[in-house]
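Asker: Have a look at this one before I ask anything.
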Amino acid sequence: MDHTSDPNAMRYVIDPNRLDLVEEFRASPLGVHSPDLRKLLARMRWGRPEGRLVLIVLEPGKAWRLSRIPRRRGDPMPFVDDRVFTSLAEAEWHVFKLRWQEMTSVALPAEMLG
Amino acid sequence: MIYKTNEYLGYPDRISVPAGEQVKFQLSSKRPKVKVEVLRLRCGDVDANGPGFKYEIMASNIDGEHACLDQPIRPGSNAVIEHDGVLVPAAAHWSFGAYVYPTRIADNPRAVMGNWCQGSGRGYALELDEDGCPVLVLGRVEGGPVRFVLDVKLRERVWAFIACALDFGEASATVSLIVPADGVRPAAAHSQSFALPATLDVDSGLPFLIAAHHLNGDRQYTAHFDGKIEAPRILSRQLDAEQLRVFECGQRTGTTEAGLVAFWDFSNGISTLAIKDISPNCLHGGLHQLPRRGVTGFHWSGAVHDFRLSPREYAAIHFHSDDIYDCQWQTTCALDVPGDWRSGVYALRLTPASGDPDGQCESYVTFFVTPGRQTKRADLVVVASVGTYLAYANSALRLYQVHFETLMEHVLWLPLDDVFMQENPEIGQSTYDCHVDGSGRAYSSWLRPILNMRPRGYWFNLINDTHILDWLEEKGIAYDLITDVELDREGARALSPYRAMMTPTHPEYFSFNMMNAIMAYQNAGGRHISMGGNAFYWRCGFHPAAPAALEVRRGMAGTRTWESEPGEVHLAGTGEPGSLWRHSGFAPQKLVGVGFSAMINDTCGYYLRTAESEDRRVAFIFEGTGRHEKFGDFGFRYNGAVGSEIDRYDLELGTPRHALRIATSEGLGAGALPTPEEFRTVVDGLDGTQNALVRADMVFFETGNGGAVFATGSITYGMSLSHNSYDNNISTITLNVVNRFLDPRPIVMPAGA
């Protein structure tokens with residue numbers, strides 16, 4: 001197994017107290033990030049593809065919907081919900097929040113969930 | 001509007017067609033009819049933020065509605081042997097077996113050898129069941145087949161010999177497994193006997209197969225084996241499994257082996273689709289759907305890595321249940337390309353027929369029209385990168401790669417075509433992807449629908465390339481278009497009519513003939529405008545016996561998503577070493593002055609001129625621009641002319657000594673990371689913020705006989721051309737180069753070069 005195909009190759013542990021990184025990401029989901037935030041994002045983005053949240057491009061540059069990579073090739077690939085994103089930054093922030101909850105099991109403060 | 005892009009699928013019989021000749025299209029749909037139009041593409045990019053989707057509708061003989069069949073894709077490779085009944089067990093004894101190296105044991109039984117037909121329930125076969133146990137399957141006249149299971153599991157990726165012995169006199173059958181010693185594991189042998197029922201029906205009346213069962217009597221196959229099979233053999237003698245395994249198959253002159261019915265020696269004809277039986281019965285066969293040859297066999301010593309030097313060590317074939325070379329669909333329509341059509345990128349536009357209105361349903365099949373045999377040529381030729389389009393054809397990286405979201409640095413954006421590929425994997429993926437057994441895909445063919453080589457498809461490669469065509473049209477520059485397949489088939493002759501050639505955004509996959517054609521052309525006075533990045537990188541080949549398939553072996557270096565198994569770097573089709581051109585002594589720097597240095601995963605950069613750019617030899621390039629301008633700090637989609645994948649100057653790797661590095665990149669950051677062959681030890685300081693090798697260089701040099709090369713060293717360069725209504729410094733310098741390169745006055749190589 002090499003680094004780029006080992007789903008467990010990222011050893012960074014997300015610290016649920018680092019709300020400063022959440023704020024940094026929220027301020028600029030698609031921007032240039034600090035070294036600490038880059039590590040956090042690399043950890044969030046790494047791993048087994050099965051179950052990974054992805055954006056389906058409905059209209060290039062205009063509209064996206066959330067889906068997940070299915071467990072097996074050939075399985076259907078339904079949307080996760082009805083939400084249509086019209087901004088990639090908004091979609092990034094949404095996925096970030098879902099992953100934060102999934103990976104830390106700690107809810108973000110209410111003022112960040114908006 | 002959300003388009004349904006896969007209601008119609010199709011592919012051409014030839015990827016490029018000269019004007020005046022015919023190309024046939026094979027289409028499939030669940031809808032009974034299709035409306036066909038032919039488009040000549042100027043810009044195939046539907047993104048509203050770019051130059052726009054631009055095309056011309058061409059009147060043709062296939063315009064209008066056609067009946068359309070729903071044609072399935074049946075992947076899976078195997079061997080087929082016609083035998084006139086000779087391979088139906090008839091003697092008192094029938095012993096057969098093979099070496100196997102299963103790479104995926106799961107889901108359903110996997111056939112090894114036999115004539116068993118699932119539909120009729122007749123015939124016989126040796127298979128592995130879904131748990132990996134060897135099974136002898138025998139048809140019966142009534143009551144359904146019998147399955148004799150040896151209750152021992154084979155392991156994935158471990159060589160074993162499996163065998164069956166039928167003794168009709170004693171009415172018994174034996175199923176055996178021998179696992180030769182390997183590493184710390186000692187040899188093991190297992191065997192079990194079963195009583196044969198009285199009313200066997202072992203003649204399916206169908207060909208003998210290796211690595212599949214017959215699904216029915218219509219040459220459709222099922223239960224494809226995932227893994228290697230070597231030296232399948234049949235003898236009409238009583239032999240136990242070890243005797244059958246070590247049976248001396250070497251032919252001695254003047255001698256035949258008693259009871260030898262068949263012995264398929266896969267080391268014979270590795271570069272072909274034929275399999276040879278070395279028994280006196282000459283039961284030769286053929287391969288279906290292009291399994292991989294030139295793979296290490298049970299007897300591989302590790303002493304050689306080139307199958308041509310020791311074919312006997314490469315006597316295995318790696319079959320895959322998801323191999324696909326040719327969908328074998330029926331032809332829907334045949335386009336007679338008029339002799340006066342301009343060469344270019346063309347596409348069939350497929351929409352529902354009248355009475356079936358569905359404005360959202362729009363699909364394409366791309367092909368390339370090249371100049372006719374008698375057509376007067378333009379001075380400039382664009383060489384479309386079909387090798388690259390094939391290597392990336394139906395890339396599923398976004399679906400299945402562990403690292404891909406980290407590489408892209410954002411939540412992955414999947415076009416609806418990706419959803420289609422996930423739900424319909426039989427369409428076959430790219431040479432970046434892995435087979436269902438985890439082994440890398442070595443082949444990609446155009447005889448199947450390619451979703452990301454179409455308008456409305458993923459933009460990387462073909463769609464990006466059309467931005468360059470759009471710019472040429474905008475500037476009124478006359479050009480012809482050919483593809484690199486012509487370079488592969490015709491060599492330098494394909495380029496010789498032209499004063500200048502242009503390679504587009506990403507000419508990454510190059511065969512021996514393609515490389516030599518360009519080198520010969522440049523040295524004969526041709527001018528080459530190399531507009532892309534990561535160019536001339538992989539040494540690959542079209543398979544001589546399957547000419548619609550590109551073959552790629554990933555080797556042990558290079559930016560790659562899989563790695564060749566030990567000893568499997570040579571191309572089965574041509575025998576030459578795959579991997580990087582850099583490792584064959586012909587780095588891209590030797591051809592165009594720059595070669596692959598880095599991937600840009602975050603922000604794109606721009607160019608600044610170097611001191612060398614003040615040399616009067618290159619003054620013409622910068623006319624109309626300022627000495628200290630940022631070149632290309634803008635651009636569609638990537639926001640910078642230096643991005644995606646970039647190439648650099650390097651004298652040691654072959655950049656000509658007199659080449660001028662006229663501009664170099666600025667503004668690359670932590671997401672700019674070197675390709676693995678650019679470092680030998682991992683140390684801190686590899687990324688673009690610290691590593692001076694992580695850069696794109698723009699170079700110019702003269703070649704013999706008045707020729708020259710200009711190279712940009714960046715994939716995203718072409719997407720900056722249309723910025724500000726095509727009025728920008730990238731457009732200006734490109735136009736300066738095109739104009740000078742089309743000017744017949746010789747470009748003089750400096751003295752001492």
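Asker: Plugging the Kirkwood radius over Cα pairs into Stokes-Einstein for the protein assembly as shown, at a temperature of 37 °C and a viscosity of 0.692 mPa s, what D comes out in µm²/s?
Answerer: Rounded, D is 113 µm²/s.
Asker: To continue, here is another question. Taking square-rooted eigenvalues a ≥ b ≥ c of the alpha carbon gyration tensor, is the range B:300-349 rounded, prolate or oblate, where a/c under 1.5 means rounded and, failing that, a/b exceeding b/c means prolate?
Answerer: Since a/c reaches 1.5 and a/b is larger than b/c, the shape of the range B:300-349 is classed as prolate.
Asker: For chains A and B, what's the summed buried accessible area, probe 1.4 Å, to the nearest 100 square angstrom?
Answerer: The summed interface area works out to 3000 Å².
Asker: Further question: What's the lysine pair count for chain B at a Cα cut-off below 26 Å, pairs eight or more apart or interchain?
Answerer: 16
Asker: Still on this structure, please answer the following. Per residue, how large is the accessible surface of the range A:3-112? Use a 1.4 angstrom probe and give square angstrom.
Answerer: 51 Å²
Asker: How large is the helix-only mean residue ellipticity at 222 nm for chain B, computed as the sum of -39500 (n - 2.57) over DSSP H runs with n ≥ 4, divided by its residue count, in deg cm²/dmol to the nearest 500?
Answerer: Estimated from H runs of four or more residues: -3000 deg cm²/dmol.
Asker: Suppose we keep just the alpha-carbon trace of the range B:483-537; what are its Rg and Dmax in angstrom?
Answerer: Values for the range B:483-537 (Cα only, Rg and Dmax): 10.1, 27 Å.
Asker: Compute the whole-percent fraction of alpha carbon pairs in the range B:287-442 spaced more than 23 Å apart.
Answerer: That fraction is 61 percent.
Asker: Also: Specify the angular offset, from 0 to 90 degrees and rounded to the nearest 10, of the alpha carbon long axis of helix B:729-742 from the longest principal axis of the alpha carbons in chain B.
Answerer: Approximately 80 degrees, to the nearest ten.
Asker: While we're here: Evaluate the charge dipole of the range A:3-112 about its Cα centre and quote only its size in Debye, nearest 20, assuming +1 on the Cβ of each Lys and Arg and -1 on the Cβ of each Asp and Glu.
Answerer: 500 debye
Asker: Largest first and in whole Å, what are the equivalent-ellipsoid semi-axes of the range B:198-348 based on the Cα gyration tensor, each being the root of 5 times an eigenvalue?
Answerer: 37, 23, 15
Asker: Over chain B, what is the relative contact order in whole percent, taking alpha-carbon pairs under 8 Å and six or more residues apart?
Answerer: Here the relative contact order equals 13 percent.
Asker: With a 1.4 Å probe and all protein chains kept in place, how do B:614, B:677 rank by accessible area, largest first?
Answerer: Reading off the accessible areas and sorting them downward yields B:614, B:677.
Asker: Helix B:462-474 sits at what angle to the longest principal axis of chain B, using alpha carbons and giving 0 to 90 degrees rounded to 10?
Answerer: With rounding to tens, the tilt is 30 degrees.
Asker: Regarding the range A:3-112, what is the average projected area of its C-alpha convex hull, in nm²?
Answerer: The directionally averaged projection comes out at 8.0 nm².
Asker: Calculate log10 I(q)/I(0) of the range B:41-92 for q = 0.22, 0.32 Å⁻¹, where I(q) comes from the Debye formula with a single equal point scatterer on each Cα and nothing for solvent.
Answerer: -0.94, -1.18
Asker: For the range B:678-740, divide the Cα radius of gyration by the Kirkwood radius and give the resulting Rg/Rh value with two decimals.
Answerer: Ratio value, two decimals: 1.12.
Asker: Hey, any idea what Rg/Rh is for chain B, computing Rh the Kirkwood way over Cα pairs?
Answerer: Reported Rg/Rh, Kirkwood definition of Rh: 1.02.
Asker: May I ask you to give the percent of accessible area on the protein assembly as shown that is carbon plus sulfur, with a probe radius of 1.4 Å?
Answerer: Roughly 50 percent, rounded to a whole number.
Asker: Same structure again: Given B:360, B:121, B:267, which one lies farthest toward the positive end of the charge dipole of chain B, if we put +1 on the Cβ of every Lys and Arg and -1 on the Cβ of every Asp and Glu?
Answerer: B:267
Asker: Quick one: divide the alpha-carbon radius of gyration of the range B:553-592 by 2.2 N^0.38 Å and tell me what you get.
Answerer: For the range B:553-592, the normalised Cα radius of gyration is 1.19.
Asker: A further question on this structure: Please state the shape class of the range B:1-106: rounded when a/c is under 1.5, otherwise prolate if a/b exceeds b/c and oblate if not, all from the C-alpha gyration tensor.
Answerer: prolate
The values are calculated or read from the model by the stated rules, or taken from the named source; none is laboratory data. Since the model is a prediction, treat every value here as computed from it, not as a measurement. In this analysis, Cβ positions are derived from the backbone assuming ideal geometry, glycine residues included, and neighbour counts consider all displayed protein chains. What goes into the accessible areas is simple: the full protein's heavy atoms, side chains included, and nothing from ligands, DNA or RNA. Shrake-Rupley method; radii C 1.70, N 1.55, O 1.52, S 1.80 Å.
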